[in-house]
Amino acid sequence: MDYILFIALILMSTKVLGLMTKKIHLPQVVGALIAGLVLGPGLGLVHETEFIKNISEIGVIVLMFSAGLETDIKELKKCGLASFVIALIGVIVPLAGGFGVAHFFNNGETTLPTSIFLQNIFIGVILTATSVSITVETLKELGKLSSNAGNAIIGAALMDDILGIIALTVITSIADPNAPGIGTVLLKILGFFVFGGVFGVVFHILFVRWTDKTTAKLHRYNVMSFAFCLLFAYVAEELFGVADITGAFLAGILISTSTKIKYISSRFETLSYMLLSPVFFASIGINVKLSKGDMNSTIISFSLLLLVVAIITKIIGCGLGAKLCKYTTKESLQIGIGMVSRGEVALIVANKGQAVGLMDDRYFGPIVIVVVITTIITPILLKIVFADKNENDSVPVEKAAN
């Protein structure tokens with residue numbers, strides 16, 4: 001029954017700290033992340049259970065589904081090519097930066113079965129990761145999710161996910177002969193979008209016709225939408241090897257043109273805000289583990305340099321891509337900062353590298369530091385770069401009242 005107590009502590013602490021961060025004009029998601037750090041590694045009151053893990057996973061799926069529901073499809077289509085360019089440069093620059101930092105520190109003998117060159121490349125691969133969930137929640141708080149920069153960030157993050165899968169597959173295929181080849185991965189990714197294009201469009205047509213038959217706001221629409229979201233997320237991850245959040249986002253887009261979209265979106269907002277999002281964001285902090293014994297002066301220096309490179313390379317890479325695609329300087333900076341957060345994605349990649357001998361255990365601590373700080377700093381920087389001196393508080397009414 002510990003999980004009941006854990007959930008209660010998470011909900012109370014995320015709300016209290018969320019309101020505190022709001023008082024100092026920071027996004028409430030920062031408070032939720034800090035709450036996780038306090039409850040987990042700070043005080044040791046909460047630890048991850050299978051239940052919390054599962055709720056967190058559903059939380060990020062619903063968060064991305066909600067983002068899909070609120071996405072302007074016309075604007076997303078407009079920035080399709082731009083999103084690819086932003087993601088591509090936003091992968092190449094951090095990859096090179098991460099490799100450079102790793103090469104400077106990790107150039108001696110190794111006990112791992114892979115070459116030092118591959119190990120250093122893998123550090124760069126980790127830095128290519130982007131966790132868009134933090135950015136999405138922050139942009140929703142700021143009322144900027146459907147802005148030009150907001151659409152570009154979401155599109156680029158999804159492209160980034162696919163490019164990251166390809167990069168990870170290439171290097172793990174070299175290190176692990178049992179890993180699927182790059183050809184197989186590319187076919188699976190292509191298969192997912194073919195599946196989404198065929199099955200998704202059929203569902204979209206049927207769903208829109210069904211919901212348009214009545215003017216009543218019925219709970220059945222929410223239930224069917226949720227089931228479709230979970231189904232698409234599962235199929236994306238399990239059958240095609242694409243991140244479940246990509247499937248969830250696509251599911252949201254397919255439903256977004258329904259006449260009942262405001263009703264459906266508001267119900268998912270409540271579901272996310274009441275339970276799923278607080279647990280997800282707090283779990284990121286709860287799962288942070290740092291071993292003091294592994295943090296010598298060299299590793300601390302490596303951590304600090306890697307952190308700086310992780311932040312700067314994403315801002316420069318994605319910002320440069322945005323600038324090449326004719327976004328304004330301010331929008332380019334917004335897009336670059338929106339892609340800084342590494343979140344749980346970098347940890348998943350790091351764990352995969354450890355499993356196949358691509359990363360020494362002593363470098364896991366620095367990766368955690370990068371994840372924690374980029375996750376916390378991204379909402380703060382977004383608040384700054386999206387600030388408009390002439391606008392009133394644009395936080396949605398529902399959240400602003402809390």
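In table form, for the structure just shown:
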read-out: Selected from Asp212, Asp360, Asp244 as most flexible by GNM, with the chain as the system and alpha-carbon contacts under 10 Å; value: Asp212
read-out: Length-normalised contact order of the chain in % [C-alpha pairs under 8 Å, at least 6 apart]; value: 30 percent
read-out: About the Cα centre, charge dipole magnitude for the range 226-331 (Lys/Arg +1, Asp/Glu -1 at Cβ), debye; value: 420 debye
read-out: Separation of the Leu5 and Asp212 label points, Cα + 7 Å toward Cβ, nm; value: 5.4 nm
read-out: Nearest-ten-degree value, helix 244-255 long axis tilted from longest Cα axis of the chain; value: 20 degrees
read-out: Candidates Ile166, Ile174, Ile86: whichever shows maximal mean-square fluctuation once the chain is modelled as a Gaussian network with Cα springs under 10 Å; value: Ile174
read-out: Candidates Thr328, Thr14, Thr111: whichever shows maximal mean-square fluctuation once the chain is modelled as a Gaussian network with Cα springs under 10 Å; value: Thr111
read-out: Amide H partners (placed H, <5 Å) of Met359, local residues excluded; value: Gln354
read-out: Label-point separation in nm, Glu109 to Leu43, each point 7 Å along Cα→Cβ; value: 4.8 nm
read-out: Arg220 - accessible surface, heavy atoms, 1.4 Å probe, Å² rounded to 10; value: 130 Å²
read-out: Alpha-carbon Debye profile of the chain, log10 I(q)/I(0) at 0.08 Å⁻¹; value: -0.41
read-out: Over 31 Å (Cα to Cα) - which of Lys260/Lys323; Lys260/Lys330; Lys22/Lys330 fall in this group; value: Lys260/Lys323; Lys260/Lys330
read-out: Cα long-axis angle, helix 343-355 against the chain (0 to 90 degrees, to the nearest 10); value: 40 degrees
read-out: Estimated 222 nm signal from helices in the chain, with DSSP H stretches of n ≥ 4 weighted -39500 (n - 2.57), rounded to 500; value: -24000 deg cm²/dmol
read-out: Using a Förster distance of 41 Å, the FRET efficiency for Asn296-Lys23 (Cβ separation, nearest 0.05); value: 0.60
read-out: Dipole magnitude of the chain about its Cα centre (Cβ charges: Lys, Arg +1; Asp, Glu -1), debye to nearest 20; value: 1060 debye
read-out: Rounded tilt (10° steps) of 28-37 against the dominant C-alpha axis of the chain; value: 50 degrees
read-out: Descending semi-axes in whole angstrom, ellipsoid equivalent of the range 31-184, from the Cα gyration tensor; value: 30, 24, 15
read-out: Probe 1.4 Å, all protein chains present, accessible-area order of Leu381, Leu88, largest first; value: Leu88, Leu381
read-out: Rel. contact order, % - alpha carbon contacts under 8 angstrom, at least six apart, the range 208-361; value: 14 percent
read-out: Calculated FRET efficiency for the pair Lys78/Leu231, C-beta based, R₀ 41 Å, to 0.05; value: 0.90
read-out: Ranked by how many other beta carbons lie within 10 Å on average, peptides 266-272, 319-325 from highest; value: 319-325, 266-272
read-out: Normalised per residue, the volume of the convex hull around the Cα set of the range 195-298 (Å³); value: 138 Å³
read-out: Backbone HN-Hα couplings from phi across the range 11-20 [Karplus 6.51/-1.76/1.60, Hz, Gly and Pro as x]; value: 5, 5, 5, 5, 5, 4, 5, x, 5, 5
read-out: Amide H contacts under 5 Å for Leu26, placed H, 5+ residues apart; value: none
read-out: Residue-wise HN-Hα coupling along the range 136-147, computed from phi with Karplus coefficients 6.51, -1.76, 1.60 (Hz; x: Gly, Pro); value: 4, 4, 5, 5, 5, 4, 7, x, 10, 5, 9, 6
read-out: Separation in nanometres of the label points that stand 7 Å from Cα toward Cβ, at Glu50 and Ile380; value: 3.8 nm
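The values are calculated or read from the model by the stated rules, or taken from the named source; none is laboratory data. Keep in mind that what you see is a predicted model, and the values were worked out from it rather than measured. Positions of Cβ are generated from backbone atoms using ideal geometry, with glycine treated the same way; all protein chains shown enter the neighbour counts. Quick note on the areas: whole protein, heavy atoms, side chains included, nothing else; ligands and nucleic acids left out. Shrake-Rupley method; radii C 1.70, N 1.55, O 1.52, S 1.80 Å.
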